[in-house]
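Data first, discussion second: the structure below is written as structure tokens.
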Amino acid sequence: MKTTRLFLVAVICLMQSVTSMADDRMIPVSQLPATVKTFVANNFPGKNIAYAEKDVEFMGTKYEVMLNDGAKIDFDKKGNWDKVDCETYAVPSALIPASIAQYVKTNFPGTIIIKIDKERYGYDIELSNDIELKFNQSGALIGMDD
């Protein structure tokens, strides 16, 4: 019993120290990695970064930017995009695997992909009609939410 309590106290202390290590703070655009700035310039021409945030986490540093049109982009610790949320307009086609783009075009004509999120198993996407689709790494549909 005493060992269990000691273990629980140790776990709680560890969780608190990890939580206190997390540091989310606004940074100037000039402090973003070059890969982030290049990604935005190449995929969102004519749009500017209005807000940049650096998230220092236990597993590494991540970045989040908001463009002047409201689009939000998350980047992993290497500066690679992780999630793109354009809210009201289409995610740039260069970011969407061809098999996913074809599936959406065939099965949901008249809709656009407004959000794409890389996951461990593949991709989560959101369509302009609020339907969410899940695809594996190969681009095969594995789930749907409405």
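The values are calculated or read from the model by the stated rules, or taken from the named source; none is laboratory data. Everything quoted here is computed from the prediction, not taken from an experiment. Glycine gets a Cβ as well: all are built from the backbone with ideal geometry, and neighbour counts include every protein chain shown. Keep in mind that these areas ignore ligands, DNA and RNA; they rest on the heavy atoms of the full protein, side chains included. Shrake-Rupley method; radii C 1.70, N 1.55, O 1.52, S 1.80 Å.
Six or more apart or on different chains, Cβ under 8 Å: which pairs go from a residue in the range 80-101 that's under 19 Å from Asn136 (Cα atoms) to one that's assigned to a loop (DSSP other than H, G, I, E, B) and among the small types (Gly, Ala, Ser)? Could you list them?
Val84/Ala71; Pro97/Gly139; Ala98/Gly139; Ser99/Ser138; Ser99/Gly139; Ser99/Ala140; Ile100/Gly139
Do we find a residue being outside any helix (DSSP H, G or I), of a type in the set (Ser, Thr, Tyr) and without any contact (Cβ under 8 Å) to a residue 24 or more places away in the chain anywhere in the range 58-66?
For the range 58-66, residues outside any helix (DSSP H, G or I), of a type in the set (Ser, Thr, Tyr) and without any contact (Cβ under 8 Å) to a residue 24 or more places away in the chain: present.
Collect the residues in the range 88-97 that are open to solvent by 40 Å² or more (accessible area, probe 1.4 Å) and assigned to a loop (DSSP other than H, G, I, E, B), keeping them in residue-number order.
Listed by number, the residues that qualify are Thr88, Tyr89, Ala90.
When the range 98-131 is examined, which residues are found to be within 15 Å of the chain's Cα centre (by Cα) and not in a loop (DSSP other than H, G, I, E, B)?
Scanning the range 98-131 gives Ile113, Ile114, Lys115, Ile116, Asp117, Lys118, Gly122, Tyr123, Asp124, Ile125, Glu126.
Among what's in the range 132-143 and is touching a residue at least 24 places away in the same chain (Cβ under 8 Å) and either assigned to a loop (DSSP other than H, G, I, E, B) or in contact with a Cys (Cβ under 9 Å, 6 or more places away or on another chain) (or both), pick the residue that is nearest to Glu87 (Cα to Cα).
Gly139
Specify the residue that is least open to solvent (accessible area, probe 1.4 Å); the eligible residues are those in the range 58-77 that are at pLDDT below 95 and more than 17 Å from Asp117 (Cβ to Cβ).
Gly60
Please give the number of the condition Asn42 fails out of (1) at pLDDT 95 or above; (2) open to solvent by 60 Å² or more (accessible area, probe 1.4 Å); (3) touching a strand residue (DSSP E or B) at 6+ places or on another chain (Cβ under 6 Å).
The single condition Asn42 does not satisfy is (3).
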